[in-house]
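Notes for the one structure printed next.
The values are calculated or read from the model by the stated rules, or taken from the named source; none is laboratory data. On a predicted model such as this, the values are computed, not experimentally measured, just so you know. Every residue, glycine as well, gets a Cβ built from its backbone with ideal geometry; the counts of neighbours run over all protein chains shown. Surface areas here come from the heavy atoms of the whole protein model, side chains and all, with no ligands, DNA or RNA. Shrake-Rupley method; radii C 1.70, N 1.55, O 1.52, S 1.80 Å.
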Amino acid sequence: MFTDFDDEPFRPVGAQHIVCGAIPAGFGVRVYVDGAERHPNQASRELLQRYPNVPKGLRTIEALTASGLRPPNPFRPDAYVLGPPREAVIPGHVTLRGSRAPDWTETVYRPAPIYQEDHAVAIATPPDPEEMAADRRIAADWAQEVLDDQDTVILAVNAIGSLTPTTAPLSRATPYEIALTSATGRKRWHRLVNPQWDTSYLAQIDLHGATLTDLEEAPGFRDVRDPLMRRLSGKRVVTYGRNMQYAAMYTALEYAWLEDSLPEGAMWPDTANTLAELGRSRWECAHLRHAEFENEWDPASGHYALPPLPAAGDALQHCRTVAMLLQRMARPALRYAELNARAEQVVREGGSHSPRTLSGVRLGRIAASRQAVLERSGGACENPRCPAPRYTTAFSRNGTYLLEVDHIDDHARGGEDLPRAMIALCPNCHAIKTRGTVPEEFREMLRATALANHQSMLADARKP
């Protein structure tokens, strides 16, 4: 009965987009239908027929996988499709007298993301480094765009219930706490919401400082629905896990008008009201963009690895954690400061100059330091006298800049393994520095440049 969204595994990748049969509205791409004319109810059939029929050439993840294919980036579907129709048997509920009502059958049109078949690639083929680098840049640009958009709000919904498709309708995800902030984490709205479940279930919830009495005395969703939806209307709604947050809102709105819940993918005439309310907002997923930004490909799943959001406490703190994540994605200085802190921690723990065996004995090096220097460079040689600092726009096989990260003072002789003492050089400048005859003044210039760039990035990271 109880779920913690952070613990829910979702496979296949289609579930990263939609759960609980929540019909997409405001997702930014077209929604099609497959087999609208086969719905037995005329009013529901007319609702489905508002959507265009799915065109040829668009296929689900399951269909592509069966052909040995995958989309280039499963996190960016070309559209969604409702259907084809299926018959779902809904178990009858137990009445107040203890008898069981009869089972009933519902025609459902479960939604799924779909992709252009002619853009698909072999399932075992990882994206090339340039594609991965492009996805990371697009995710960073998106974060900056979100921060600059005055209509952005960050939404967090904590819910009790289950997200699995086979769950009985009344056991599906139900909000018990909702928070809204601006893109910078400023509080806009925050409420406990009584899900009106039995106390034995509510007692399982970690309310992060609030009490069970606080929750049971809180208003129900019907009471907060209007002020909440007014705050969401016309907004760019950013969530960490749109599939789950949207699904909880969808099922709550559905219950508000029906006083019941429908099985996954059911389309009743009044479903149009739910879709109209949700469709007044643009729903975007920071979780999927975060995965693209971290840029770690999961070959077993055929998509970028989904990073967990750091533990965030209540829904309001969850919003603020997402706001900090957006800042880090959009501002390279914050990422640099994070990597620098990681490198300094390794030094404090004695891991900087420890020997390691690799075709002989070499000193261990801090990966975070090298990554920080590459990101600090922005792809340009940091030698201020380099005649062609952006000598190439190509990337290495792992998607990083084609620059050499060098310790200005020999690492083997005790040179610091930290970003402030390292510099990114093009192959020509690196050869001059390591194999050429250069005066000490050249090294001094590189030291001063690396330190100045390092301090500039940390100063930028400290700006509000």
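Values as computed for the structure displayed
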| read-out | value |
| --- | --- |
| Charge tally in the Cβ shell below 13 Å around Glu217, where Lys, Arg are +1 and Asp, Glu are -1, Glu217 excluded | -2 |
| Highest average packing first - 324-337, 418-431, Cβ atoms within 10 Å | 418-431, 324-337 |
| Calculated from backbone phi, Karplus (6.51, -1.76, 1.60) coupling profile of region 205-210 in Hz, x at Gly/Pro | 7, 7, 8, 6, x, 7 |
| Mean Kyte hydropathy of 0.0 or more with a Cα span along the axis of at least 20 Å, helices from DSSP in the chain | 315-330 |
| FRET efficiency, Ala412 to Glu117 (Cβ-Cβ, R0 45 Å, nearest 0.05) | 0.25 |
| Mean Cα-pair separation over length for the chain, i.e. relative contact order, pairs under 8 Å, 6 or more apart, % | 16 percent |
| Debye-sum result for region 94-250 in log10 I(q)/I(0), which assumes one identical scatterer on each alpha carbon, at q = 0.10 Å⁻¹ | -0.57 |
| Euclidean distance of C-alpha centroids, region 38-94 and region 423-463, integer Å | 56 Å |
| Compactness relative to 2.2 N^0.38 Å, alpha carbon Rg of region 242-329 | 1.36 |
| Portion, in percent, of the accessible area of the chain that falls on carbon or sulfur, probe 1.4 Å | 50 percent |
| Residues with amide H under 5 Å from that of Ala159, placed H, sequence gap 5 or more | Phe5, Tyr176 |
| ³J(HN,Hα), Karplus 6.51/-1.76/1.60, whole Hz, each residue of region 178-193, x for Gly, Pro | 9, 9, 10, 9, 6, 5, 8, x, 6, 4, 10, 6, 7, 9, 6, 10 |
| Cα-based convex hull volume of the chain per residue, rounded to whole Å³ | 183 Å³ |
| Efficiency of FRET from Cβ geometry, Ala448 and Asp226, R₀ 45 Å, rounded to 0.05 | 0.15 |
| Two-site label geometry, Thr392 and Leu207: point separation in nm, points 7 Å out along Cα→Cβ | 6.1 nm |
| Contour excess over end-to-end distance, with Cα ends at Glu87 and Ser182 and 0.36 nm allotted per residue | 30.0 nm |
| Label-point gap, in nm, between Gln317 and Val347 - each point 7 angstrom along Cα→Cβ | 3.1 nm |
| Of the trypsin sites (Lys or Arg not before Pro) in region 145-236, those whose Cβ has at most 16 other Cβ within 10 Å and which sit in DSSP loop | Arg186 |
